[in-house]
Amino acid sequence: MLRDVMNIWRKELMDTVRDRKGMTQAIVIPLVIGIFYASFTPMLMKAMTARREKPLTIPAQGIAYADARLLDTFGRYGITLEEYEGDLEAVIQDAKRESGLVFEPGFTEDVSEERPATARLLTNSTAGGIFGGGFSDTRLQLAVGAYNQMVVAERMAAREVDPAILVPVALNAEDLATPEQRGAFFASFYLSILVAVTVAQGGLFVAIDVTAGEKERGTLESLLVTPASDIAVFLGKLGAVFTISVIPLVLTLTAYWAVSNVMPPNMAGDSGLPGFMLTASLLTGMPLALVVSVAQMMISVRARTFRDAQSGATPLIFAVMIPGFVAAFSQAKALWSCLIPVYGPFAAMGRMAQAGGLQWDAMGLSAAGSLIAAAMVLPVAMKMFTRETLLYRS
Amino acid sequence: MIQVRDLVKHYGEVRAVDGVSFHCPDGHITGLLGPNGAGKTTTLRMICGLIRPMQGTVIVDGHEVGQNPAAVRRALGVQTDSSGTYPRLTPREHFKYFGGFYGLSGSELDARVQAVIDMLGMGEFADRRTQGFSRGQRQKVILGRALVHDPKNVIMDEPTSGLDVMAVRETRDVIRMLRDRGHCVLFTTHYMDEAARLCDRVAIIIRGRIAAVGSPAELMEMTGCSSLEDAFVALAGGAQGLLVSEYANADGNVNGGRNAGGRAR
């Protein structure tokens, strides 16, 4: 029987590798997603940093009324005010400019005479994309905050009052997380989603092609009249589906790991995905891929056509991806939750990310949960495959 | 040799096959003739062990399909009624794949594959992927994968359906060649002239029952018709109005105890 299983496995792999459409869906797309996820955060951080450090020119009215030291403070924060003649509110509302300042007469006098001095900050949060009005607003607030601190300190010094009385409690925060923990924790968010997407999509096309596709092409009957047992045929095909599921998983996670270490997200520790998380993701993802492969086969066997199978498999994609997303967003993951089929692998990844190292108990429970689920679904799928009414209805 | 005895298969209220019996000797071509929906394909599927009969037995070279389906399949080469091939595989790869299920490997498999390619005249396209093949070329691939293990018994489900004249001739030549080499050949067809030209024995199946079995000459003589087509129509009409047993007994031979043609056992 093993010989027949291997014969079918080899043929299905060769057939799949030659199928550009199938290979694109099974391998290239998850790979691109992995690289995208790994490079998205660093690129976002870089863009935010660049925007934060880029000179900012703000249109303003009544600059002559503003305190000179406020303008100096703006200058230290890379902000230059530019006198604007015209309807400032209109241009900001039309999103032609992101923000603007308006100083009223008497601003400097109010400051010097210790009266509340007010300037209007006009912004349009929709202007300039995600780094637009809101971002300019934040930079202006920071500069004004620094100016206020300076003025308050001067006023208290003039009154011979120690400015420290304004800070009754000083909270010195210390992040004790190791660079590995920080890198793993940050990456684990994307990892859960990545593993879920890859496993849910990876072997689906192949599962459909080797079952419903064969029925549709009219080749399945020729295969079933050979001496190979139905079980050998099923297992050979399942083996191919599982292999094709695992290949994109390995490629995608390795690509994510490599890219995240070349372009680490700009966080404390500056660490990319630690190697142990790559190992953990693969060891928990592979048993999950087996469960999903069996389920994909079960759904595809029932289908009459390729299109039928695609429709039937849609709920399965969500059944895998939703636990992945839930795990990505949830914090505490109890050890026992690693045993829950489908959710368990993601829970185990989350626990290991928090611990900053491999946890064999979590991985063991996760693998056991997946294998038990596979063992329960496999006989049902095989029974469906050997039912003549399901095989020959078309 | 293929022996079919009292096969029964019902799908709900539909009696697809209802007590079919006949036998196909070695070195003979046996045609299974019947209108659409008569139960030909269901009968063939039960012979191959793809469908379990509700009643009856199939014995191929001494192996009973219910008891030892793998041995039966090993003794059979089956060309199914579909012209489906794997579009990304070449004919040679098809034959190697299917040959692998029959214990062939290495140089023995390569030699058998080449022999089939030569026998079917597929040299020009043996190493091209079957995507875009004509119906005739695909039919050769399907026939080749049924013959790659040199089976003693060959079953063909409408092997010439949809083929052009040249392809039909080539297929018929292959069928004759198999017979001449001592193989047992069982095939279904809609074409009466084809059955008349090729078959040593004909089993006519109507509404899931064998209406008559015999050589084309015997069937014509029995019905008093001058062609097999007329004999078939007469038998089909008879089957609608008369009991099937008027023409065939339980052994699948023509009534009256006559032997089914000179080549019959």
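The values are calculated or read from the model by the stated rules, or taken from the named source; none is laboratory data. Predicted model, so just to flag it, every value in this text is computed and none were measured. Here Cβ is always computed from backbone atoms with ideal geometry, including for glycine, and neighbour counts include all displayed protein chains. The accessibility values were calculated without ligands, DNA or RNA, using every heavy atom of the protein model including side chains. Shrake-Rupley method; radii C 1.70, N 1.55, O 1.52, S 1.80 Å.
Regarding B:Ile155, is this residue within 14 Å of another protein chain (Cβ to nearest Cβ), at pLDDT 90 or above and closer than 25 Å to B:Arg5 by Cα? Please lay out each step first, then the result.
Working: within 14 Å of another protein chain (Cβ to nearest Cβ): yes; at pLDDT 90 or above: yes; closer than 25 Å to B:Arg5 by Cα: yes.
It is true that B:Ile155 is within 14 Å of another protein chain (Cβ to nearest Cβ), at pLDDT 90 or above and closer than 25 Å to B:Arg5 by Cα.
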A:Pro59, sole failed condition from (1) under 23 Å from A:Gly183 (Cβ atoms); (2) open to solvent by less than 60 Å² (accessible area, probe 1.4 Å): (1)
Anything in the stretch B:76-109 that is open to solvent by 30 Å² or more (accessible area, probe 1.4 Å), more than 8 Å from chain A (Cβ to nearest Cβ) and within 25 Å of B:Ser161 (Cα to Cα)? List them, or say none. B:Asp81, B:Arg92
Condition first: facing chain A (nearest Cβ under 9 Å) and polar (S, T, N, Q). Can you find one or more residues in the stretch B:7-29 that meet it? no
Could you list, in sequence order, all residues of the stretch B:177-207 that are within 23 Å of B:Val4 (Cβ to Cβ) and assigned to a helix (DSSP H, G or I)? B:Leu178, B:Arg179, B:Met192, B:Glu194, B:Ala195, B:Ala196, B:Leu198
Tell me which residues, restricted to the stretch A:327-350, are open to solvent by 10 Å² or more (accessible area, probe 1.4 Å), assigned to a helix (DSSP H, G or I) and modelled with pLDDT under 85. A:Ala328, A:Phe329
Return the pair list, or none, for Cβ contacts closer than 8 Å from residues in the stretch A:9-20 that are touching a residue at least 60 places away in the same chain (Cβ under 8 Å) and more than 10 Å from chain B (Cβ to nearest Cβ) to residues that are small (Gly, Ala, Ser) and assigned to a helix (DSSP H, G or I), at least 6 apart or on different chains. A:Trp9/A:Gly236; A:Trp9/A:Gly239; A:Trp9/A:Ala240; A:Leu13/A:Ala240
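If a residue has to be part of a helix (DSSP H, G or I), open to solvent by 10 Å² or more (accessible area, probe 1.4 Å) and modelled with pLDDT of 75 or more to count, how many in the stretch A:262-285 make the cut?
Within the stretch A:262-285, the subset part of a helix (DSSP H, G or I) is A:262, A:275-285.
Checking which are open to solvent by 10 Å² or more (accessible area, probe 1.4 Å) leaves us with A:262, A:275-276, A:278-279, A:282-283.
Narrowing the set further to residues that are modelled with pLDDT of 75 or more leaves A:275-276, A:278-279, A:282-283.
So the answer is 6.
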Filter pass, A:Arg51 being in a loop (DSSP other than H, G, I, E, B), among the charged types (D, E, K, R) and farther than 29 Å from A:Ala153 by Cα: no
Can you say whether B:Tyr86 is in contact with a helix residue (DSSP H, G or I) (Cβ under 9 Å, 6 or more places away or on another chain), within 28 Å of B:His190 (Cβ to Cβ) and either touching a residue at least 60 places away in the same chain (Cβ under 8 Å) or not in a strand (DSSP E or B) (or both), as far as the supplied structure shows? yes
Kindly evaluate B:Arg112 against the criterion of being touching a residue at least 24 places away in the same chain (Cβ under 8 Å) and either buried (at least 18 other Cβ atoms within 10 Å of the Cβ) or under 20 Å from A:Glu388 (Cβ atoms) (or both). yes
Residues of the stretch B:5-61 satisfying the condition of being out of contact with any helix residue (DSSP H, G or I) (no Cβ under 9 Å at 6 or more places or on another chain), open to solvent by 20 Å² or more (accessible area, probe 1.4 Å) and among the hydrophobic types (A, V, I, L, M, F, W, C): B:Val14, B:Met54
Which of the residues that make up the stretch A:151-178 are open to solvent by 60 Å² or more (accessible area, probe 1.4 Å) and touching a residue at least 40 places away in the same chain (Cβ under 8 Å)? A:Arg155, A:Asp175
Is the stretch B:146-153 home to any residue that is open to solvent by 30 Å² or more (accessible area, probe 1.4 Å), more than 15 Å from A:Thr219 (Cβ to Cβ) and among the polar types (S, T, N, Q)? no
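So is A:Pro227 touching a Lys or Arg at 6+ places or on another chain (Cβ under 9 Å), assigned by TED's automatic domain parsing to the domain that holds A:Pro379 and not aliphatic (A, V, I, L, M) or not? Break it down into steps so the answer makes sense when it comes.
On the way: touching a Lys or Arg at 6+ places or on another chain (Cβ under 9 Å): yes; assigned by TED's automatic domain parsing to the domain that holds A:Pro379: yes; not aliphatic (A, V, I, L, M): yes.
Yes.
Just to be sure, is A:Leu191 open to solvent by less than 20 Å² (accessible area, probe 1.4 Å) and over 18 Å from A:Ala381 (Cα atoms)? Walk me through how you get there before you give the answer.
On the way: open to solvent by less than 20 Å² (accessible area, probe 1.4 Å): yes; over 18 Å from A:Ala381 (Cα atoms): yes.
Criteria met by A:Leu191.
Is at least one residue of the stretch A:289-299 open to solvent by 70 Å² or more (accessible area, probe 1.4 Å) and in contact with a Gly (Cβ under 7 Å, 6 or more places away or on another chain)?
Taking every residue of the stretch A:289-299 in turn, none turns out to be open to solvent by 70 Å² or more (accessible area, probe 1.4 Å) and in contact with a Gly (Cβ under 7 Å, 6 or more places away or on another chain).
Based on what the data block shows, is A:Glu98 open to solvent by 80 Å² or more (accessible area, probe 1.4 Å) and among the acidic types (Asp, Glu)?
no
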Taking into account only those residues within the stretch A:194-230 that are more than 10 Å from chain B (Cβ to nearest Cβ) and of a type in the set (S, T, N, Q), which is most open to solvent (accessible area, probe 1.4 Å)? A:Gln201
Among the numbered criteria (1) more than 11 Å from every other protein chain (Cβ to nearest Cβ); (2) surrounded by fewer than 23 Cβ atoms within 10 Å (Cβ to Cβ); (3) not in a loop (DSSP other than H, G, I, E, B), which one does B:Lys140 miss? (2)
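From the list A:Met6, A:Met43, A:Met23, pick out the single residue that is of a type outside the set (Phe, Trp, Tyr), open to solvent by 60 Å² or more (accessible area, probe 1.4 Å) and within 14 Å of another protein chain (Cβ to nearest Cβ).
Numbers: A:Met43 fails: within 14 Å of another protein chain (Cβ to nearest Cβ); A:Met23 fails: open to solvent by 60 Å² or more (accessible area, probe 1.4 Å).
Residue meeting the stated conditions: A:Met6.
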I'd like to check something: does the stretch A:245-257 contain any residue that is part of a helix (DSSP H, G or I), within 14 Å of chain B (Cβ to nearest Cβ) and either open to solvent by 10 Å² or more (accessible area, probe 1.4 Å) or closer than 30 Å to A:Ala38 by Cβ (or both)? no
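Answer with yes or no whether B:Met166 is at negative phi, touching a residue at least 40 places away in the same chain (Cβ under 8 Å) and more than 14 Å from chain A (Cβ to nearest Cβ).
On the way: at negative phi: yes; touching a residue at least 40 places away in the same chain (Cβ under 8 Å): no; more than 14 Å from chain A (Cβ to nearest Cβ): yes.
Spelling it out, it is not the case that B:Met166 is at negative phi, touching a residue at least 40 places away in the same chain (Cβ under 8 Å) and more than 14 Å from chain A (Cβ to nearest Cβ).
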Exactly one of A:Asp72, A:Asp15 is over 33 Å from the mean Cα position of the chain (by Cα) and either buried (at least 17 other Cβ atoms within 10 Å of the Cβ) or part of a helix (DSSP H, G or I) (or both), and that one is A:Asp72
Of all residues in the stretch A:18-40, which are farther than 11 Å from A:Val259 by Cα, touching a Ser or Thr at 6+ places or on another chain (Cβ under 8 Å) and either small (Gly, Ala, Ser) or outside any helix (DSSP H, G or I) (or both)? A:Gly22, A:Ala26
Would you call A:Glu89 in contact with a helix residue (DSSP H, G or I) (Cβ under 7 Å, 6 or more places away or on another chain) and either charged (D, E, K, R) or closer than 30 Å to A:Asn261 by Cβ (or both)? no
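Take the conditions within 30 Å of B:Arg169 (Cα to Cα), within 21 Å of the chain's Cα centre (by Cα) and within 13 Å of another protein chain (Cβ to nearest Cβ) and apply them to B:Val65. Does it pass? Spell out the reasoning first.
Numbers: within 30 Å of B:Arg169 (Cα to Cα): no; within 21 Å of the chain's Cα centre (by Cα): yes; within 13 Å of another protein chain (Cβ to nearest Cβ): yes.
So B:Val65 fails the test.
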